[in-house]
Amino acid sequence: MPKSKADAQADVKAHPKADTQVILQHWQEVGFDDRLAHLIKDTSRAVVRALQVRLIAHNVSFGHWTFLRILWEKDGMTQRALSEQAGVMEPTTYAAIIAMEKLGYITRRQLAGNKRNNYIFLTPAGSALKEKLVPLAEEVNAISVQGISEADIKSIRKILFAMLENLAADEAALTSSERRMPSTRELGRLVSESPPLKKK
């Protein structure tokens, strides 16, 4: 039986040194001299934790939320397309698909004329979760910007977008095969074929 929202939040409050408090303490101690990428990653981590606390009351993990959110926008995707949209490797997507299928959130089926690929479709139960879960994400977004002015929020968006543009341009400039970003399938193959590290 899924935990209630209050019970899920109580679980986190029962641990005074929960992950987000540890992250905050780190930044309070080191100030803002640590790398910006670390601050962005830690902030994202804290947002994920805040959302997971709320999602678990509906028996949904953050990993499942990631795939559900994509399917709410475009239902009937292949496993590979879903992996690429989520930015994870196909084995991770496959494990999530199996779990979500058992929970009754999605179903897999082949389309006429294409027997090679399984397409992932939301069930009525999976579609119905959108109305329950999207407000939770909106709540977390609102909490994260409490006390921050609209002007500062616009500045944050502008800065993050500019950083994204810079990184996209950098990736586009890496034309050599050694430096280009591999697909999730290529990445999985490269990792599996890598020789084991020699013991010193």
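All of the numbers you see were taken from the coordinates with simple rules; none came from a lab. Please read all numbers here as calculations on a predicted model, not as lab measurements. We place every Cβ from the backbone using ideal geometry, glycine too, and count neighbours over all the protein chains shown.
Under 5 Å between amide hydrogens, built in the peptide plane, is the criterion, and for Ile106 it picks out Glu101, Thr123 among residues at least 5 positions away or on other chains.
Given the pairs Lys74/Lys132; Lys41/Lys154; Lys41/Lys74; Lys41/Lys158; Lys41/Lys132; Lys41/Lys102, which span a C-alpha to C-alpha distance of over 23 angstrom in this model?
Lys41/Lys74; Lys41/Lys132; Lys41/Lys102
With Cα atoms defining each centre, the stretch 107-138 and the stretch 35-65 are spaced 22 Å apart in the structure. Label sites at Leu36 and Ala112, each approximated as a point 7 angstrom past Cα along Cα to Cβ, lie 5.4 nm apart.
Were the residues from Met89 through Ala162 laid out at 0.36 nm apart, the gain over their Cα-Cα distance would be 23.6 nm. Applying the Karplus relation 6.51 cos²θ - 1.76 cosθ + 1.60 with θ = phi - 60° to the stretch 34-43 yields 3J(HN,Hα) values of 5, 4, 4, 4, 5, 5, 4, 5, 5, 5 Hz, where x marks Gly and Pro.
Normalising the average separation of contacting C-alpha pairs (under 8 angstrom, six or more residues apart) by the number of residues puts the relative contact order of the stretch 13-167 at 19 percent. Both the radius of gyration and Dmax for the stretch 46-114 are 12.7, 45 Å, in that order, over alpha-carbon atoms.
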